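Asker: To start, I am sharing the structure in question, which I have written as C-alpha cells.
Values in this text are rule-based calculations from the coordinates and carry no lab data. From a predicted model like this one, the values you see are computed outputs, not experimental measurements. Methodologically, a virtual Cβ is constructed for each residue, glycine included, from the backbone with ideal geometry; neighbour enumeration extends over all protein chains shown.
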Amino acid sequence: MKKKLVSFTALSVLALSVFTGCSSTQTEAKEKKEEQPIMIQGPMPIEAEKFAGKLEHVKEETSGSFVFYKGTLDDYPVIVTKTGKGMENTAAATAVAIEKYNPIAIINQGTSGGHDPELDVFDIVLGERTVNLGSLKTGNLADEEGIEPTAWKPMDLMASEGSAGEDPDAEKIRYYDGDEDLLAAAKAVKDMYKKGKVVEGTIGSADVWNNEVDRIQWFHEKYGTSVEEMEGAAAAQIAGAYDVPFLGIRVLSNNKTNGGSYNPETAAANQGYVYEVVKEYIAEMK
C-alpha cells in the first residue's frame, strides 16, 4: 500500500509539472535558487539603499535593528542587508542573515579610507584578502613606562581555544581570502567602472577611525592594507564559520595618505559597480 502511494504521488508531481510546463528537475532547480539568494551588505543607508532600489519586487523585512531588502535581479533572488556600522553589528547581521536566508554568497561593500598612496578617491578595492586590524596584543610595560602602539603585535583570536594573550601561536595575522568565483565575476566587469581604477588588495577592518597618517602607513606596511573600514573582517569571519563564499568590495571615499578629500558620492558609485558584479555572477551560475 505504501509503495502504491509513493508511485501515485510521483505521478501527481509529474502530471502537475507537465500541466505547468515545467519538468520536476527545473522545478527543483528553481526552488534551490529561491532558497539561496545572493546577499549584499552595506553598513549605512547611503551604502545599501541605492542597491536595494535597483532590485525588482522588493519586500522589506527586519530582524532586530537589521533591515533586509528582499528582491530579484535578472529573476534571481538578491537580498540587500543594511547592517549598521561596526564589527559587532556586522557580525550579528551576517549570522542572522545566514540562519534566516541561507545565502549562496555574501558581498560586503561600502566606503573606505585609503591606506595606499597610489589609490585615489573613487578607486575600488576587491578584497583578495580581508583582515581584522583591531585584534592586537600590547607589549609588557610597567607603570609610567608609557605606551608603544607601533610595537603592538597582531593577535589571531582563531588560533586556538586557549588564551589568545598567552598562546604564542596567536601572534600572527589572520587573513580571510576572497572567494575565487566572486573575484572572477568582479574582475570580469571591472572595465565597466569608469569613475576610477578597480584593483585587488587587502581590506582592513576595525572599530577605529584612523586619522594619523603614520599609523595608517604602519598598517599599510605591516598588514599590506589597501584600505580600511569597520565591517568587512567581521562579515568574512562569520561567513567562513558557515562556509559561505565571501568577498569584500570597497570604494575609497577619502585617502589621507595623498590628500584625497571625503566624497559621499563614492557610496553610490560602488553600488553601481557591485550591481554589475552580481549580474555577472548570476549569469555565470545559469
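Asker: Skipping prolines and chain starts, which residues have an amide H placed within reach, meaning under 5 Å, of the one on ALA105, given they are 5 or more residues away or on another chain?
Answerer: For ALA105, whose amide H was placed from the backbone, the distant partners under 5 Å are MET39.
Asker: With the chain treated as a Gaussian network of Cα nodes joined by springs under 10 Å, which of GLU161, GLU229, GLU61 yields the largest mean-square fluctuation?
Answerer: GLU161
Asker: Sticking with this one: Could you work out which residue, out of SER65, SER205, SER253, moves most in a Gaussian network model of the chain, that is, has the largest mean-square fluctuation with Cα springs under 10 Å?
Answerer: Fluctuation is largest for SER65.
Asker: Something else about it: State the extension gain, in nm to one decimal, for the chain segment bounded by THR62 and LYS222, taking 0.36 nm per residue of separation less the distance between their alpha-carbons.
Answerer: Working it through step by step, the gained length comes to 53.7 nm.
Asker: Starting from the Cα of ILE147, move 7 Å in the Cα-to-Cβ direction to define the label point; list residues of the stretch 197-241 whose amide nitrogen is under 17 Å from there.
Answerer: In the stretch 197-241, the label zone of ILE147 (backbone N under 17 Å from the point 7 Å along Cα→Cβ) covers 206-216, 218-219.
Asker: What percent do you get for the relative contact order of the stretch 36-285 when only Cα pairs under 8 Å and 6+ apart count?
Answerer: 29 percent
Asker: Related question: Pick out, in residue order, every one of the trypsin sites (Lys or Arg not before Pro) in the stretch 117-187 that is DSSP loop and has at most 14 other C-beta atoms within 10 Å; say none if there are none. Mind showing how you got there, number by number?
Answerer: Details: sites: ARG129, LYS137, LYS172, ARG174, LYS187; in loops: LYS172, ARG174.
Counting only loop positions with at most 14 other Cβ atoms within 10 Å, the trypsin sites (Lys or Arg not before Pro) in the stretch 117-187 are LYS172.
Asker: Can you give the relative contact order of the stretch 77-223 as a percent, counting alpha carbon pairs under 8 Å and 6+ residues apart? Before the final figure, lay out the partial values.
Answerer: Working: 151 pairs, mean separation 47.4, N = 147.
Value for the stretch 77-223: 32 percent.
Asker: Build a GNM of the chain with springs between Cα atoms under 10 Å: which of VAL125, VAL251, VAL208 gets the top mean-square fluctuation?
Answerer: VAL208
Asker: Also: List the chymotrypsin sites (Phe, Trp or Tyr not before Pro) within the stretch 199-230 that DSSP assigns to loop and that have no more than 11 neighbouring Cβ atoms inside 10 Å.
Answerer: Details: sites: TRP209, TRP218, PHE219, TYR223; in loops: TRP209.
Taking the stretch 199-230 and a limit of 11 other Cβ atoms within 10 Å, the loop chymotrypsin sites (Phe, Trp or Tyr not before Pro) found are TRP209.
Asker: Can you tell me which of 275-285, 71-81, 138-148 comes out highest on packing, and rank the rest after it, using the mean Cβ neighbours within 10 Å? Write out the running numbers ahead of the final one.
Answerer: On the way: 275-285: 18.5, 71-81: 20.4, 138-148: 8.2.
Top to bottom by mean Cβ count within 10 Å: 71-81, 275-285, 138-148.
Asker: Next up: Angle between the Cα long axis of helix 266-285 and the longest principal axis of the chain, 0 to 90 degrees, nearest 10?
Answerer: Taking Cα atoms only, the helix is inclined about 40 degrees.
Asker: Another one. Average the reciprocal distances over every distinct pair of alpha-carbons in the chain, invert the result, and give the Kirkwood radius in Å. Walk me through the numbers before you get to the answer.
Answerer: Values: mean 1/r = 0.0489 Å⁻¹.
It is 20.4 Å.
Asker: Antiparallel versus total DSSP beta bridges in the stretch 36-285: what percent is that, nearest 5?
Answerer: Numbers: 24 of 52 bridges.
Taking every DSSP beta bridge with both residues in the stretch 36-285, the antiparallel ones total about 45 percent.
Asker: From the backbone phi of the stretch 92-102, what are the Karplus-calculated ³J(HN,Hα) couplings (6.51 cos²θ - 1.76 cosθ + 1.60, θ = phi - 60°) in whole Hz, Gly and Pro given as x?
Answerer: 5, 4, 5, 5, 4, 5, 5, 5, 7, 10, 6
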